[in-house]
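The values are calculated or read from the model by the stated rules, or taken from the named source; none is laboratory data. Keep in mind that what you see is a predicted model, and the values were worked out from it rather than measured. Using ideal geometry, Cβ is built from the backbone for each residue, glycine included, and neighbour counts are taken over all protein chains shown. Ligands, DNA and RNA are stripped out before the accessible areas are found, and what is left, the full protein with its side chains, is counted by its heavy atoms. Shrake-Rupley method; radii C 1.70, N 1.55, O 1.52, S 1.80 Å.
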Amino acid sequence: MAAALDLDVVTAAEQTRRGRYRQRVMVCQSISCLAAGAQATRTAIEQATDEEGLGHDVQVVPTGCMGLCSRGPLAQVVPRGGAPTLYGDVTAEAGRQLVASLPRRAPPPPAAVTDRVLDPDMPFFACQRRFVLANAGRIDPERIEDYVAEGGYRAMQTALQSMAPDDVIEAIAASGLRGRGGAGYPTAKKWRLLAAAGGEHKYVVANGDEGDPGAFMDRTVMEDDPHRVLEGIALAAYATGADRAFLYVRAEFARAVERLDAAIRAARRHRLLGRRVLGSDFSLDVSVRIGAGAFVCGEETALMASVEGGRGTPRLRPPYPTEQGLWGAPTVINNVETLANVPGIIGRGPEAFAAIGTSASNGTKVFALAGSLVNTGLIEVPMGITLRQIVEDVGGGIAGGRAFKAAQTGGPSGGCIPAELLDTPMDYERLQALGSIMGSGGLIVMDDSVTMPEVARYFMEFCRDESCGKCVPCRAGTVQLVGLLDRICTGAGTTRDLAQLESLGQTVRETSLCGLGQTAPNPLFSTLEHFRGEYLDLLVDGDTAGGEDG
Ligand SMILES: Cc1cc2nc3c(=O)[nH]c(=O)nc-3n(C[C@H](O)[C@H](O)[C@H](O)COP(=O)(O)O)c2cc1C
Ligand code: SF4
Ligand code: FES
């Protein structure tokens with residue numbers, strides 16, 4: 001058996017390696033930048049480094065998402081001992097110019113390079129707090145040494161060497177961490193249930209299904225910092241007494257699967273996973289399970305059926321997974337972002353986490369910020385930040401001179417927030433009170449060119465297509481709701497159709513078997529609540545005078 005990795009030795013070796021270079025050029029190779037041509041940028045930067053004879057001076061590092069995806073491809077130059085400079089819109093040509101402008105060269109940087117510098121104090125960055133995304137843009141996700149050099153696996157080492165499993169659960173309780181998968185259930189409470197459960201085997205499952213339209217938070221964390229997710233899983237397993245863990249990832253996230261598989265192999269090689277982790281008595285077997293990409297498979301009971309190799313359909317709860325989970329054994333299921341928070345909480349202390357956010361919603365939340373904004377991308381903000389700050393400061397306001405219309409949080413299970421509620425603090429309770437939910441973190445901002453009944457129809461179509469068909473209210477109800485929305489959106493709907501829409505929506509909400517059906521009418525009801533006038537305007541026999549448009 002290989003010797004356990006000495007984290008101090010790896011960190012020192014990595015720092016020596018980095019210290020050899022006068023400049024490090026970090027090039028984002030995450031999904032949005034790749035779509036904008038970041039592969040060519042990286043190649044151009046590497047070639048230019050060779051051609052300029054800078055190979056000994058300049059280290060080119062492929063990294064994960066730096067956040068401001070709408071300005072991609074992004075690259076950052078980090079001089080040894082100096083302040084980093086971030087560049088946006090770094091095309092291949094700009095990448096070559098960037099290398100030529102590195103301080104070793106005599107001429108001052110051309111405007112083509114300086115024009116691309118992004119201000120580190122711009123509100124997009126200044127409003128953020130990096131906890132889960134602490135390594136974003138700072139490490140090569142494919143090198144375990146990079147993760148270790150940033151303090152990775154230290155929390156696990158601390159836990160194994162000096163904390164009893166209960167201490168870990170108490171630390172999570174003190175941090176106030178709540179599940180980031182949607183419902184905000186207290187993580188420590190769930191872990192306590194698993195720790196108290198008996199049985200020969202217990203399981204931890206990381207839910208990386210993330211099927212909501214517009215969401216790419218968990219995918220990015222899995223791709224860009226896979227060891228953080230593994231360390232979170234290991235800490236969860238140690239705390240709860242689980243000996244086996246699965247990462248459930250949809251097949252479309254091929255790069256996440258590849259990276260996680262490679263990270264698991266590397267961690268095993270160094271005895272950070274597997275038998276007798278870091279020489280302790282704790283052992284953990286982790287593997288990736290690939291889903292076929294059904295939204296319903298993110299629901300925990302459907303997910304378990306899928307992991308077991310069956311068809312991914314939900315079942316009634318109770319029994320809850322902690323009582324009867326995978327193959328009948330006690331199981332805890334946590335969202336990827338929930339687990340990715342754990343190393344930081346144990347490593348930096350629960351107080352550091354609890355100090356961020358509001359009294360009932362601690363810490364940060366990662367959002368995939370999309371839609372009609374100037375700045376879009378992946379953001380991590382303190383809980384309790386207002387929607388206005390996200391839209392106007394982080395997002396830079398509405399693009400193209402248009403006005404804000406609404407923001408959809410929580411994807412197809414969530415709701416829309418209108419302009420008059422822009423000062424709503426983003427926390428679990430306040431969003432729920434508005435008929436929306438935090439969800440796992442998709443945040444779509446819409447401008448005034450969008451028609452809200454169309455938005456409701458879009459999400460209802462999504463739920464209809466993703467319904468597993470097991471129960472009638474959801475299977476047949478979503479079809480009928482789409483039919484009614486079709487009639488209304490095309491100007492053929494009547495006041496009777498609208499009344500039926502509301503009553504059927506209520507029935508689907510109250511009688512569906514799982515969360516998919518129970519929440520499918522949420523976008524419908526929240527658009528009706530805030531934009532009822534838009535529905536009335538579309539009715540053939542509507543009373544437009546009754547409109548209460550938001
Ligand atoms: C239709 C549906 C889809 C879901 N999709 C996800 C998902 O993609 N990722 C996720 O973490 N939770 C998802 N959930 C919530 C999970 O069932 C579960 O509550 C969550 O993984 C628990 O983790 P947490 O306590 O860390 O939030 C979904 C729920 C429903 C009803
Ligand atoms: S609510 Fe929809 S997705 Fe859930 S079990 Fe019923 S048919 Fe399937
Ligand atoms: S993908 Fe490059 S900044 Fe987000």
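List of remarks:
- Residue match in region 342-355 (condition: under 23 Å from residue 201 (Cβ atoms) and out of contact with any Gly (no Cβ under 9 Å at 6 or more places or on another chain)): no
- Filter result for the condition that a residue is among the hydroxyl-bearing types (Ser, Thr, Tyr) and under 22 Å from residue 336 (Cβ atoms), over 376, 424: 376
- Complete set of residues in region 502-545 that are in a helix (DSSP H, G or I), more than 25 Å from residue 421 (Cα to Cα) and not β-branched (Val, Ile, Thr): 503, 504, 510, 515, 516, 517
- Flag if residue 341 is within 15 Å of ligand 1 (Cβ to nearest atom), among the polar types (S, T, N, Q) and open to solvent by less than 10 Å² (accessible area, probe 1.4 Å): yes
- Among the residues of region 139-159, those identified as under 14 Å from residue 11 (Cα atoms) and in a loop (DSSP other than H, G, I, E, B) are 139, 143, 150, 151, 152, 153.
- Count of residues meeting criterion [without any contact (Cβ under 8 Å) to a residue 24 or more places away in the chain, closer than 11 Å to residue 460 by Cβ and aliphatic (A, V, I, L, M)] in region 473-500: 2
- Residues that are over 14 Å from residue 461 (Cα atoms) and open to solvent by less than 20 Å² (accessible area, probe 1.4 Å) within region 515-529 comprise 526, 527, 528, listed in sequence order.
- Residue selection: residue 229 fails the criterion of being assigned to a helix (DSSP H, G or I), within 30 Å of residue 293 (Cβ to Cβ) and within 16 Å of ligand 3 (Cβ to nearest atom).
- Subset of region 491-501 (residues that are of a type in the set (Gly, Ala, Ser) and part of a helix (DSSP H, G or I)): 499
- Those residues of region 174-183 which are among the hydrophobic types (A, V, I, L, M, F, W, C) and open to solvent by less than 10 Å² (accessible area, probe 1.4 Å), in sequence order: 177
- Residue-level analysis places residue 545 among those that are more than 16 Å from ligand 3 (Cβ to nearest atom), more than 36 Å from the chain's Cα centre (by Cα) and modelled with pLDDT under 95.
- Among the residues making up region 302-325, those that are within 13 Å of ligand 2 (Cβ to nearest atom) and more than 24 Å from the chain's Cα centre (by Cα) are 311, 315, 316, 317.
- Checked against (1) out of contact with any Asp or Glu (no Cβ under 7 Å at 6 or more places or on another chain); (2) farther than 10 Å from residue 27 by Cα, residue 90 passes all but condition (2).
- One residue from 506, 518 being in contact with a helix residue (DSSP H, G or I) (Cβ under 7 Å, 6 or more places away or on another chain) and free of Cβ contacts under 8 Å to residues at least 40 places away in the same chain: 518
- Pick from region 454-478, criterion more than 22 Å from residue 408 (Cα to Cα), open to solvent by 20 Å² or more (accessible area, probe 1.4 Å) and part of a helix (DSSP H, G or I), ranking: nearest to ligand 3 (Cβ to nearest atom): 475
- Single residue of 412, 418, 453 found to be at pLDDT below 95 and in contact with a helix residue (DSSP H, G or I) (Cβ under 7 Å, 6 or more places away or on another chain): 412
- Every residue from region 492-514 that is among the aliphatic types (A, V, I, L, M) and either open to solvent by less than 20 Å² (accessible area, probe 1.4 Å) or closer than 22 Å to residue 317 by Cβ (or both): 498, 501, 508, 513
- Exclusive hit being on the phi > 0 side of the Ramachandran plot, in a helix (DSSP H, G or I) and either in contact (Cβ under 8 Å) with a residue 12 or more places away in the chain or of a type outside the set (Val, Ile, Thr) (or both), set 396, 400: 400
- Only one of 168, 205 that is within 11 Å of ligand 1 (Cβ to nearest atom), touching a Phe, Trp or Tyr at 6+ places or on another chain (Cβ under 8 Å), touching a residue at least 40 places away in the same chain (Cβ under 8 Å) and not in a loop (DSSP other than H, G, I, E, B): 205
- Residue count for region 249-274, restricted to those that are among the small types (Gly, Ala, Ser) and buried (at least 24 other Cβ atoms within 10 Å of the Cβ): 3.
- Looking only at residues of region 17-52 that are touching a residue at least 60 places away in the same chain (Cβ under 8 Å) and of a type in the set (Val, Ile, Thr), we find that the one that is farthest from ligand 2 (Cβ to nearest atom) is 25.
- Checking each residue in region 393-414 for being within 16 Å of ligand 3 (Cβ to nearest atom) and either open to solvent by less than 10 Å² (accessible area, probe 1.4 Å) or of a type in the set (Val, Ile, Thr) (or both) picks out 394, 395.
- The residue that is nearest to the chain's Cα centre (by Cα), among those in region 111-160 that are surrounded by 20 or more Cβ atoms within 10 Å (Cβ to Cβ) and on the phi > 0 side of the Ramachandran plot, is 137.
- Only residues that are closer than 12 Å to residue 336 by Cα and open to solvent by less than 10 Å² (accessible area, probe 1.4 Å) were counted across region 184-224, and they come to 11.
- Within region 45-57, being open to solvent by less than 20 Å² (accessible area, probe 1.4 Å) and under 32 Å from the mean Cα position of the chain (by Cα) holds for one residue alone: 45.
- For region 415-439, filtered to residues that are closer than 20 Å to residue 216 by Cβ and touching a Leu at 6+ places or on another chain (Cβ under 8 Å), the residue that is most open to solvent (accessible area, probe 1.4 Å) is 437.
- Residue in region 95-104 that is assigned to a loop (DSSP other than H, G, I, E, B) and open to solvent by 60 Å² or more (accessible area, probe 1.4 Å) present: yes
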